[in-house]
1. Just the residues that are hydrophobic (A, V, I, L, M, F, W, C), in contact with a strand residue (DSSP E or B) (Cβ under 9 Å, 6 or more places away or on another chain) and open to solvent by 20 Å² or more (accessible area, probe 1.4 Å), please, taken from the stretch 230-255.
2. Does any residue of the stretch 35-54 turn out to be under 21 Å from LEU122 (Cβ atoms), touching a residue at least 12 places away in the same chain (Cβ under 8 Å), out of contact with any Phe, Trp or Tyr (no Cβ under 8 Å at 6 or more places or on another chain) and surrounded by fewer than 19 Cβ atoms within 10 Å (Cβ to Cβ)?
3. Scanning the stretch 270-322 for residues that are over 24 Å from SER254 (Cβ atoms) and open to solvent by less than 10 Å² (accessible area, probe 1.4 Å), which turns out modelled with the lowest pLDDT?
4. Exactly one of these conditions fails for GLY19: (1) touching a Lys or Arg at 6+ places or on another chain (Cβ under 9 Å); (2) assigned to a helix (DSSP H, G or I); (3) of a type outside the set (Asp, Glu). Give me its number.
5. Just to be sure before I move on: is GLY51 at pLDDT below 90, closer than 23 Å to ASP80 by Cα and of a type outside the set (A, V, I, L, M, F, W, C) in the structure I sent?
6. THR87: modelled with pLDDT of 85 or more, buried (at least 17 other Cβ atoms within 10 Å of the Cβ) and polar (S, T, N, Q), yes or no?
7. Would you mention how many residues in the stretch 59-90 are farther than 16 Å from LYS101 by Cβ and more than 36 Å from the chain's Cα centre (by Cα)?
Amino acid sequence: MEAPNSERVLIHAPYGRDGEIIARVLASAGVVTRICGSIADVSCELASDTGAAIIADEGLSPVNVKTLAGILDGQEPWSDLPLIVLTGSGEPTEWSRYRAKMLKPLGNVTLLERPLRTETALSAVETALRARRRQYQTRALLKSLRETNTQLMATNRELEEFSYIASHDLQEPLRTVNIYVDLILRRVRTEPSDELSQFTGYVHKGIRRMEAILRDLLSFSRLIHEPQTANQFASLRESLQDALSVLDARIRESRAAVTCEGLPEIAGSRSQFSQVFENLISNAIKYRTTKEPLRVRIWSRRDRERWVVAVQDNGIGFEQEHAVKIFGLFKRLHRDEYPGTGVGLAICKRIVERHGGEIWAESSPGAGATFYFAVPAVEQVLVKAS
């Protein structure tokens, strides 16, 4: 609930009894008022909540208008204080036109001609206060959103910390399990047994899979904890070369042909975009078809204020309805036929979005898949930074 000050009306009418008369009229209608002897007093009162201000135009000298405009310019984004200015009666004069021109910087101004009619004055004040209440409601909503955002950020930090610690600290006990399971199996293996060998394979396969999941989860968590890289610049061509070096053995083993038709320089991390290319090309190798040799084509195009990069393959493809799902953490379309943890594409998504971009995929079964990611062009990043 707002404080009473949010409903009060400031009155500055330096000559005659206009101020007292207006205060009495408003008070009879239940409006709280405060008579100010000078614009300086008005300025001081505006430091706290105020519903509206009524000012006689004879109190608005050029100096006073400048003072008032300076204060109103410093309002919060949600605030647009209603001002009701009392003007003289009769035909406009050169001086009245000049003062009307001076009022423009004050923003939310309503002009009332004197002599005032009670109904007109009350209607103008009630309209101003009604608009001001909506502004205070907006302030309350913004405050609530900020508090909610703060709570969400704190919760997110806790979850990030948990995922980092869990993925990191669970690796050590898993290694211990692996070692002692191996020792146990050696002791019970007193005679050859196909069944025991099969069980041994299951155990080691499960441990290796858990190690891979934790390793990928740790990589994903590190992305959360790494600082932003907006002040770095990276050649995507060099990022691709780094990825191809890591995947060299798998590329040769699968007899894949990887071609590139030119890549731009962007604002970001060379190593992180190397991860993007490594994961996308690794996926292409994993989901290749046996009907023809794997071909991976990488290209880029300028799309207004961003670069779009494509990694296209001729693999088994997938239904387009899964194109969003596959970027989720631990989401996999082929759980049994192909190995993997379901973290690779989530890492790609995280990296691209951290660089102000987006990633998506287009595919159909048997027709291969194309993964696109778009990031701001370097000059656009520089403009935003300046």
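1. So the first thing to find is which residues in the stretch 230-255 are hydrophobic (A, V, I, L, M, F, W, C), and the list is 230, 233-234, 236, 240, 243-244, 246-247, 249, 251.
Within this subset, residues satisfying the condition of being in contact with a strand residue (DSSP E or B) (Cβ under 9 Å, 6 or more places away or on another chain) are 230, 233-234, 236, 240, 244, 247, 251.
If the condition is that a residue be hydrophobic (A, V, I, L, M, F, W, C), in contact with a strand residue (DSSP E or B) (Cβ under 9 Å, 6 or more places away or on another chain) and open to solvent by 20 Å² or more (accessible area, probe 1.4 Å), then ALA230, PHE233, LEU244, ILE251 are the ones that fit.
2. yes
3. Ranking the candidates gives GLN272 first.
4. Evaluating GLY19 over (1) touching a Lys or Arg at 6+ places or on another chain (Cβ under 9 Å); (2) assigned to a helix (DSSP H, G or I); (3) of a type outside the set (Asp, Glu) leaves (1) as the failure.
5. It is false that GLY51 is at pLDDT below 90, closer than 23 Å to ASP80 by Cα and of a type outside the set (A, V, I, L, M, F, W, C).
6. Details: modelled with pLDDT of 85 or more: yes; buried (at least 17 other Cβ atoms within 10 Å of the Cβ): yes; polar (S, T, N, Q): yes.
So THR87 passes the test.
7. At the first step, the residues of the stretch 59-90 found to be farther than 16 Å from LYS101 by Cβ are 59, 67, 70-82, 84, 86, 89-90.
This time we only want the ones that are more than 36 Å from the chain's Cα centre (by Cα), so: 59, 67, 84, 86, 89-90.
So the answer is 6.
Here's the yes/no breakdown for (1) at negative phi; (2) in a helix (DSSP H, G or I); (3) surrounded by 14 or more Cβ atoms within 10 Å (Cβ to Cβ); (4) at pLDDT 85 or above:
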{"position": "TYR136", "(1), (2), (3), (4)": "yes, yes, yes, yes"}
{"position": "GLU158", "(1), (2), (3), (4)": "yes, yes, no, no"}
{"position": "GLU172", "(1), (2), (3), (4)": "yes, yes, no, no"}
{"position": "ASN178", "(1), (2), (3), (4)": "yes, yes, yes, no"}
{"position": "ARG187", "(1), (2), (3), (4)": "yes, yes, no, no"}
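The values are calculated or read from the model by the stated rules, or taken from the named source; none is laboratory data. Quantities reported herein were computed from a predicted structural model and do not represent experimental measurements. We place every Cβ from the backbone using ideal geometry, glycine too, and count neighbours over all the protein chains shown. SASA here: full protein model, heavy atoms, side chains in, ligands and nucleic acids out. Shrake-Rupley method; radii C 1.70, N 1.55, O 1.52, S 1.80 Å.
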